[in-house]
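See below for the structure under consideration.
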Amino acid sequence: MDADVARSDTTLITVIPGDGIGPEVVTSAQRIVEASGAAIKWEECEAGAEVFKKGLPSGVPTETIESISRTRIVLKGPLETPVGFGEKSANVTLRKLFETYANIRPARELPGVTTPYSGRGIDLVVVRENVEDLYAGIEYMQTPGVAQALKIISRKGCEKIVRTAFELALAEGREKVHCATKANIMKFTEGMLKRVFEEVAREYPDIEANHIIVDNCAHQLVKRPEQFDVIVTTNMNGDILSDESSALVGGLGFAPSANIGNEVAIFEAVHGSAPKYAGKDVINPTALILTAVMMLRHIGEFDAAADVEHAVLVTLESGVRTGDIAGYDKGAATTAYTDAIIGNLGKRSEKWKVRDYKPLRLPHLGTDIDFVKPKTRAVVGLDVFVESPLPPAELGASLMDLTRDSRLSLKMIGNRGTKVFPPTGAITDVADHYRCRFVIREKPGDLSDDEVHELLQRISLQHRWMHIEKLLEFDDELGFTRDQGEN
Ligand code: NAP
């Protein structure tokens, strides 16, 4: 069943208390949700530190995965990621196992949470792609001294996140969507998001669509954050921009988030397990309470969600605040703050408003694995990455010699993205990681795999290669970038 399809009366939710302060913030949110009258039942499961200690490297037991597969909705506390040994983050594992492709992080000004931006009415949402990009975590040591990470961005992933952003704008009555990318530098990966954004934007003529270069977006967020409504961006950019946005409105104690997919949605605060505060009844549960508000809306409990959000606003407005903003010597205890919110359920603030939310319509794209089908394709050359201690001129002379009677000729050698052979006059500090570009001498041409093997055999006679990339053209468009200085 799709997560955005209407459910039966009572919704079963997998709840993961998590580590450190997790159980305290989760209990606070559960108590408030129950008091709101929402029709919910909890199924408690474990993940995180205790599970790692039992020797399970994923940190997520099978029972938890089975529960999530059944309930499709998760409210979770933070999970500690062991530092310094091999385990992956259990958080990232959960997000990726269930293809929660959109990370939605709202940031709004709250009463009594004084920041340098108070009074400017910040109310924005960062929609971050959640499963692709550098966060796929595919990394290789290429030479003993050179590491590589793959930044994988798919057309389908871009379309899902962009459509989610526009649909979110509609569901929340927002007027603008900014797409923040580094497309000026990474034309294929970041550029894919920009191109898809520009295409999809035409289907939403009532929403203002702007592209912004991500570094300027970070700058504008500090300078004039109130200009933003929805920001859609790639995983890495979104990680940074969403933390920046939450800092503008009071920081981690107030930053909710939702990981949304077509099948499963995982609701968690942005903050971690803050171990030094664990068990002390002092931390701020607002982030997880506002996260639970997002969850209530997701399951169609719009009235309960609005009641809880209003109660949080009324409580903060009345001056009840936790130690992170009031000072730990005089702030309200986590439990007392929770009691105050429960006591304020049903009340409305005169000044602080809650948006009128509609159901979020998630995109349902085709299921074809080869989502984009070109009419034509050709292999027009080969990049061979070579580990070599030789200076560029010597490596170049050797490779030209090795391919003298081949159908492929050495076009150039690059080093970390800059052409170093034939010489350009540039002064470059080279590493032992060369990209050697071979192209077919006569055009048009299509390189066969036999020719690839033959070239590699020739190179192996004198050099150590560590990986190759075919130079592809799809529909007569180049599918590879040139090095700096290459024509
Ligand atoms: P953190 O747990 O978020 O805590 C950093 C600091 O933020 C705290 O020391 C505290 O600041 C403040 N803070 C965080 N949550 C707060 C709250 N609810 N109320 C008041 N203040 C709060 O970040 P970390 O220390 O980098 O990470 C600790 C562990 O959590 C790590 O194992 C990390 O991997 C994990 N983590 C998990 C998640 C997740 O499950 N989604 C996310 C992030 C980190 P002050 O010290 O200034 O008071």
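Going by what's in this entry, would residue 396 be described as surrounded by 11 or more Cβ atoms within 10 Å (Cβ to Cβ), over 40 Å from the mean Cα position of the chain (by Cα) and not aliphatic (A, V, I, L, M)?
yes
I need the full set of residues from the range 18-33 which are within 19 Å of residue 67 (Cβ to Cβ) and either surrounded by fewer than 22 Cβ atoms within 10 Å (Cβ to Cβ) or not assigned by TED's automatic domain parsing to the domain that holds residue 334 (or both), in order please.
Residues satisfying the conditions are 23, 27, 30.
Tell me, which strands (runs of 3 or more DSSP E) wholly within the range 374-487 include 3 or more residues that are touching a Leu at 6+ places or on another chain (Cβ under 7 Å)?
The strands (runs of 3 or more DSSP E) meeting that bar are 377-387, 408-415, 434-440, 464-474.
Write out, first by first residue and then by second, each pair whose Cβ atoms fall under 7 Å of each other, whose residues are 6+ apart or on separate chains, and whose first residue, in the range 126-145, is on the phi > 0 side of the Ramachandran plot while the second is part of a loop (DSSP other than H, G, I, E, B).
Cβ pairs passing all conditions: 133/151; 133/153; 133/234.
Could you check the range 119-138 and list, in sequence order, the residues that are in a helix (DSSP H, G or I) and out of contact with any Lys or Arg (no Cβ under 7 Å at 6 or more places or on another chain)?
135, 136
Which of the residues spanning the range 63-89 are under 25 Å from residue 312 (Cα atoms) and either in contact with a strand residue (DSSP E or B) (Cβ under 6 Å, 6 or more places away or on another chain) or away from the ligand (no atom under 16 Å from the Cβ) (or both)?
Matches in the range 63-89: 73, 74, 75, 76.
Do we find a residue being surrounded by fewer than 19 Cβ atoms within 10 Å (Cβ to Cβ), under 29 Å from the mean Cα position of the chain (by Cα) and closer than 30 Å to residue 166 by Cβ anywhere in the range 295-303?
yes
Taking the criterion of being assigned to a helix (DSSP H, G or I), over 22 Å from residue 258 (Cα atoms) and more than 16 Å from the ligand (Cβ to nearest atom), would at least one residue in the range 48-62 satisfy it?
yes
From (1) out of contact with any strand residue (DSSP E or B) (no Cβ under 6 Å at 6 or more places or on another chain); (2) farther than 30 Å from residue 160 by Cβ; (3) touching a residue at least 60 places away in the same chain (Cβ under 8 Å), pick out the condition that doesn't hold for residue 397.
(3)
Given the criteria within 13 Å of the ligand (Cβ to nearest atom), at pLDDT 95 or above and not in a helix (DSSP H, G or I), does residue 20 qualify?
Yes; evaluated as a whole, the condition is true for this residue.
Condition first: more than 10 Å from the chain's Cα centre (by Cα) and in a strand (DSSP E or B). Can you find one or more residues in the range 94-101 that meet it?
no
The values are calculated or read from the model by the stated rules, or taken from the named source; none is laboratory data. Please read all numbers here as calculations on a predicted model, not as lab measurements. In this analysis, Cβ positions are derived from the backbone assuming ideal geometry, glycine residues included, and neighbour counts consider all displayed protein chains.
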